[in-house]
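Q: Take this structure first; my questions come after.
The values are calculated or read from the model by the stated rules, or taken from the named source; none is laboratory data. Since the model is a prediction, treat every value here as computed from it, not as a measurement. Ideal geometry is used to build each Cβ from the backbone, glycine not excepted, and the neighbour counts take in all protein chains shown. Quick note on the areas: whole protein, heavy atoms, side chains included, nothing else; ligands and nucleic acids left out. Shrake-Rupley method; radii C 1.70, N 1.55, O 1.52, S 1.80 Å.
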Amino acid sequence: MSSNAELFPTIGSVADQTQKLPVEAQAVEVTLDEEKPVQEIESLCMRCEKQGVTRLLLTSIPYFREIIVMSFRCEHCGFSNNEVQSAGAIRPEAAVYTVRVLSREDLDRQIVKSNTCTVIIPQFELTIPPGRGQLTTIEGLIRDIIIDLSADQPLRRIQNPETYAKIEGIIAKCKDIVGDDEEDHADENTTGALQTPKRASEMDAPLIPFTVRLDDPAGNSFIEFVGSMADPKWNMRTYHRTREQNIELGLVASDDSAEAKTDEKEGEDEDEHLTNQNEEIYTFHGTCSSCGHPCDTLIKKVNIPYFKDVLIMSTNCDKCGYRDNEVKSGAAISEQGKRITLKVEDREDLSRDILKSESCGLSIPEIDLVLQAGTLGGRFTTLEGILDQVYEELSEKLFASGDSRGDSAAFETFLKKLKAVKNAEHPFTLVLDDPLANSYLQNLYAPDPDPNMTIELYDRSWQQNEDLGLNDMKVEGYEEDAKQDAAGVDAPKEEPASTKQDEPKTS
């Protein structure tokens, strides 16, 4: 650790060391590496093909990892460029960092963007594909977006007016955040004085909330949090990389992985054909609920040990990218409801599989969290995964709404409690209440009883049966009811004749 700290000092210590050095020791002409905190290497300029200088700074970011900051400048043509590369190994899992930008102070948060990171701003419908690595802030990221999108706008205005109008709308939203530099330059020309651009965090203009999301399969990107990782505006989620992502990162060879996958699939198909009859995937043709184009819904029947059969449904539209997945029960309706209570004590409990049906309610009494039946629909995931979904849904919808900003302090306190719960920082109680008994929580001690989990069966009330439509449902003896209904329909047809005969005659 000591050698690593000496090789990758923090930026603050590098700045202090630079200030202590004399001016001569900070100049480019000095060639003694031990006297300079920043290493300098002569390199070729790709614009004028003359020699420039590349400066390398090996540093570490607190709560993150070691990085290499590179800066190139050519004194002959003035070309400059900077880039950031990770100095550590590729992480075992991919990472997604999300920040809700609600005030102008959030624009000063630092961002480490690796060359494998995708930047997403959902409110602008903007996705930035992987490119060169950067060490910047949210404000700097927005300014780079304005510069990159404005580059070819005059040409788009003539060749493709529709694309020009859409991109111009995104640029206008970005300029509302950081200000319009053209007005600042106009003020400079009129006064003749050189003025530094005003930082976006110091502006008095109102800020429309938006979200910045970094999705990095290598896990080498980062967004700064305020205070601690309990920051309610900041969230980090990890996930397992797909095979395609491993190929893009160079962790798996495409040819070898394809052959291995084919061999494994042939062996698995033979075993599954003999032992499992629930592996068939059904395809139902339909239309996308978002764009109306034709799309397919895939349905697969899965047997959960010590529980029952369930149906996993997945819909993916190739036209608009709409995705949806849901889990429904594949068995008969239970005679009783089920209430599952789990005492979560450590992070190991967060890895339990959980099936939450659309008729199940979820509650955590310690933080006063109550999710009514139907919230999040049907989900088959882990306990950590469903708590992440709850956190993302609440932070995204309630932070952006105008009603929640009036009582933002109380809501931020609640989100801090929810983040502490999903990180298992202290014990808590999870309660699943499903009137149809279609929900499931994994028993780590199966087939023996789980000491931390209690399962209670109860009789549904009349109101619960009414809400579920069970009071009007009859599965036995319905033939007689059908005959009686048919007889009741035919009887009124004879009534007009009889009533006509009984009518008194008038003279």
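Q: Whole-Hz Karplus ³J(HN,Hα) for segment 120-135, in order, using 6.51 cos²θ - 1.76 cosθ + 1.60 and θ = phi - 60°, x for Gly and Pro?
A: Per-residue couplings from phi come out as 10, 10, x, 5, 8, 6, 10, 10, 9, x, x, x, 6, x, 9, 10 Hz.
Q: What distance in nm separates the simple spin-label points at residue 308 and residue 208, each placed 7 Å from Cα in the Cβ direction?
A: Label-label distance for residue 308 and residue 208, simple model: 4.7 nm.
Q: What does the charge count around residue 341 come to, taking other residues whose C-beta lies under 10 Å from its C-beta (Lys +1, Arg +1, Asp -1, Glu -1)? Mind dumping the intermediate values first?
A: On the way: positive: 339, 343; negative: 433, 456.
Cβ neighbours under 10 Å give a net charge of 0.
Q: Here's something else I'd like to know. Using modelled amide H (1.01 Å from N, peptide plane; none on Pro or chain starts), what sits under 5 Å from the amide H of residue 369, excluding residues fewer than 5 places away?
A: 364
Q: What percent does the relative contact order of segment 41-101 come to when contacts are Cα pairs within less than 8 Å and at least six residues apart? Provide the component values of the computation, followed by the final result.
A: On the way: 90 pairs, mean separation 14.9, N = 61.
Dividing the mean separation by the residue count of segment 41-101 yields 24 percent.
Q: Shifting gears a bit: Taking segment 444-487, which trypsin sites (Lys or Arg not before Pro) meet the DSSP loop condition and have no more than 11 other C-beta atoms within 10 Å? All intermediate terms of the calculation are to be shown ahead of the outcome.
A: Details: sites: 460, 474, 483; in loops: 460, 474.
Counting only loop positions with at most 11 other Cβ atoms within 10 Å, the trypsin sites (Lys or Arg not before Pro) in segment 444-487 are 474.
Q: Probe 1.4 Å, all protein chains in place: accessible area of residue 97 in Å², nearest 10?
A: Its heavy atoms expose roughly 10 Å² to the probe.
Q: Right, another one. Quick check on segment 64-145: take the gyration tensor over C-alpha atoms, sort the square-rooted eigenvalues as a ≥ b ≥ c, and tell me if it's rounded (a/c under 1.5), prolate or oblate.
A: Numbers: a/c = 1.84, a/b = 1.23, b/c = 1.50.
Oblate shape, in that a/c is at least 1.5 and b/c is the bigger or equal ratio.
Q: Subtracting the Cα-Cα distance from 0.36 nm times the residue separation, let me have the gained length for residue 66 to residue 282 in nm, one decimal. Show your work: numbers first, answer last.
A: Numbers: separation 216, 0.36 × 216 = 77.76 nm, distance 4.81 nm.
Stretched out fully, the residue 66 to residue 282 stretch lengthens by 72.9 nm.
Q: Which distance in nm do the two modelled labels at residue 43 and residue 289 give, with both placed 7 Å along the Cα-to-Cβ direction?
A: 5.1 nm
Q: With θ set to phi - 60° and the Karplus curve 6.51 cos²θ - 1.76 cosθ + 1.60, what are the ³J(HN,Hα) couplings of segment 345-358 in order, to the nearest whole Hz, using x for Gly and Pro?
A: The phi angles translate into 10, 8, 5, 5, 5, 6, 8, 5, 6, 9, 10, 10, 7, 6 Hz.
Q: Please arrange 124, 79 by accessible surface area, largest first, computed with a 1.4 Å probe and ligands excluded.
A: Numbers: 124 25, 79 60 Å².
Largest accessible area first, the list is 79, 124.
Q: Please list 3J(HN,Hα) in residue order for segment 237-248, calculated via the Karplus relation 6.51 cos²θ - 1.76 cosθ + 1.60 where θ = phi - 60°; whole Hz, with x for glycine and proline.
A: Values, residue by residue: 9, 10, 8, 7, 5, 7, 5, 5, 5, 5, 5, 5 Hz.
Q: Oh, and also: For segment 294-397, rounded, prolate or oblate, judged on the Cα gyration tensor with a ≥ b ≥ c (square roots of eigenvalues), a/c < 1.5 rounded, else prolate if a/b > b/c?
A: Working: a/c = 1.85, a/b = 1.24, b/c = 1.49.
Cα axes put segment 294-397 in the oblate bin.
Q: Quick one: grab the alpha carbon gyration tensor of segment 406-478, order the square roots of its eigenvalues as a ≥ b ≥ c, and give me rounded if a/c is under 1.5, else prolate or oblate depending on whether a/b is larger than b/c.
A: Numbers: a/c = 4.11, a/b = 1.53, b/c = 2.69.
Taking the square roots of the gyration eigenvalues as a ≥ b ≥ c, segment 406-478 is oblate.
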